[in-house]
Amino acid sequence: MHAFDVLGDPVRRRILDLLADGELTSGAITSVVQEEFGISQPAVSQHLRVPRDSGFTTVRPEATRRLYAVEAAPFRELDDWLDHFRRFWDQRLDSLATELARGKRERRLQAEAIDTPGEATR
């Protein structure tokens, strides 16, 4: 399955968001996802299977529990692929930073003019 197929579903993205902070049991994941999305436990299990089978997560048994964790390799591959397209948003972010700095400078100059009105008219 392609990375965007895995990440394209909001339930699977939420599962990965939860796991980004560290390993969780399937029960903990199921509890959050059921509450937030209103889906059944079997549906959550199906969603857990997709990132696991695609290599985005790992699962390990610990006694009677199953612990899920994020697997970094697919995200690195995705990041490498996205790197080709970063130039499109990096340039825009640089432009945004310039505009923000310009606006900050203009507000500072306006504030200084208000604080010292006599100097502005000289």
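The values are calculated or read from the model by the stated rules, or taken from the named source; none is laboratory data. Note that the structure is predicted; figures quoted are calculated from it, not measured. Positions of Cβ are backbone-derived with ideal geometry, glycine not excepted, and every protein chain shown enters the neighbour counts. For accessibility, only protein heavy atoms count, side chains too; no ligands or nucleic acids. Shrake-Rupley method; radii C 1.70, N 1.55, O 1.52, S 1.80 Å.
What do you reckon, is P42 of a type outside the set (F, W, Y), in a helix (DSSP H, G or I) and more than 19 Å from the chain's Cα centre (by Cα)?
So P42 passes the test.
Quick grid of which residues meet (1) touching a Lys or Arg at 6+ places or on another chain (Cβ under 6 Å); (2) open to solvent by less than 90 Å² (accessible area, probe 1.4 Å); (3) part of a helix (DSSP H, G or I); (4) over 15 Å from G27 (Cβ atoms):
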{"residue": "R49", "(1), (2), (3), (4)": "no, no, yes, yes"}
{"residue": "P61", "(1), (2), (3), (4)": "no, no, no, no"}
{"residue": "D79", "(1), (2), (3), (4)": "no, yes, yes, yes"}
{"residue": "D94", "(1), (2), (3), (4)": "no, no, yes, yes"}
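Testing D53 on (1) over 11 Å from V11 (Cα atoms); (2) surrounded by 13 or more Cβ atoms within 10 Å (Cβ to Cβ), one condition comes back false. Which one is that?
Status for D53: all satisfied but (2).
The rows are residues; the columns are (1) modelled with pLDDT of 95 or more; (2) part of a strand (DSSP E or B); (3) in contact with a Lys or Arg (Cβ under 7 Å, 6 or more places away or on another chain); (4) surrounded by 12 or more Cβ atoms within 10 Å (Cβ to Cβ).
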residue: V6; (1), (2), (3), (4): no, no, yes, yes
residue: I15; (1), (2), (3), (4): yes, no, no, yes
residue: L67; (1), (2), (3), (4): yes, yes, yes, yes
residue: P74; (1), (2), (3), (4): no, no, no, yes
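Taking the stretch 18-47 as the search range and keeping residues that are more than 17 Å from L67 (Cβ to Cβ) and charged (D, E, K, R), which one is least open to solvent (accessible area, probe 1.4 Å)?
The extreme case among them is E36.
So which pairs qualify, if the first residue must be in the stretch 100-118 and assigned to a helix (DSSP H, G or I) and surrounded by 10 or more Cβ atoms within 10 Å (Cβ to Cβ), the second must be modelled with pLDDT under 85 and of a type in the set (A, V, I, L, M, F, W, C), the Cβ gap must be under 7 Å, and the two must be at least 6 apart or on different chains?
Short answer, once both residue conditions are applied: A113/A120.
Does L67 qualify as being closer than 19 Å to D21 by Cα, free of Cβ contacts under 8 Å to residues at least 40 places away in the same chain and out of contact with any Gly (no Cβ under 6 Å at 6 or more places or on another chain)?
Considered against the rule, which asks whether it is closer than 19 Å to D21 by Cα, free of Cβ contacts under 8 Å to residues at least 40 places away in the same chain and out of contact with any Gly (no Cβ under 6 Å at 6 or more places or on another chain), L67 comes out as no.
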